[in-house]
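The values are calculated or read from the model by the stated rules, or taken from the named source; none is laboratory data. Predicted model, so just to flag it, every value in this text is computed and none were measured. Please note: Cβ atoms are built from the backbone with ideal geometry, for glycine as well, and neighbour counts cover all protein chains shown.
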Amino acid sequence: MPHHWLILGAGGHGRSVADAIRAQGDAVLGFLDDNRSADELVAGVPVLGPLRLAWDGAPAPDRFVVAFGNPWASPVFVDSCLGSLLINNTAF
């Protein structure tokens, strides 16, 4: 049974993730991105709105993935979700 994904981040890395998800036969419901306009299409997939919709109003996916290419953006987002900051310095 195919999974339905929500991708956080609609930049180049997000597009690559969308391609990989579709290549395995799953569906992408949409992207959430603070730097894109809602209803903009990225790789044929709609941007649904800003990142805050991940916990406040986005369609309920089976799965989601954080697809930020900028390593400094990810810890900020994780901090806003979890309330604590964890950085793997070996990842940079």
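When the residues of segment 25-78 are filtered to those that are modelled with pLDDT under 80 and among the β-branched types (Val, Ile, Thr), which remaining residue is farthest from Ile7 (Cα to Cα)?
Val76
Kindly indicate whether Leu32 is under 12 Å from the mean Cα position of the chain (by Cα) and not charged (D, E, K, R). Break it down stepwise before answering.
Details: under 12 Å from the mean Cα position of the chain (by Cα): yes; not charged (D, E, K, R): yes.
Spelling it out, Leu32 is indeed under 12 Å from the mean Cα position of the chain (by Cα) and not charged (D, E, K, R).
Is it true that some residue in segment 9-24 is surrounded by 15 or more Cβ atoms within 10 Å (Cβ to Cβ), modelled with pLDDT under 95 and assigned to a strand (DSSP E or B)?
The answer is no, given that none of the residues of segment 9-24 is surrounded by 15 or more Cβ atoms within 10 Å (Cβ to Cβ), modelled with pLDDT under 95 and assigned to a strand (DSSP E or B).
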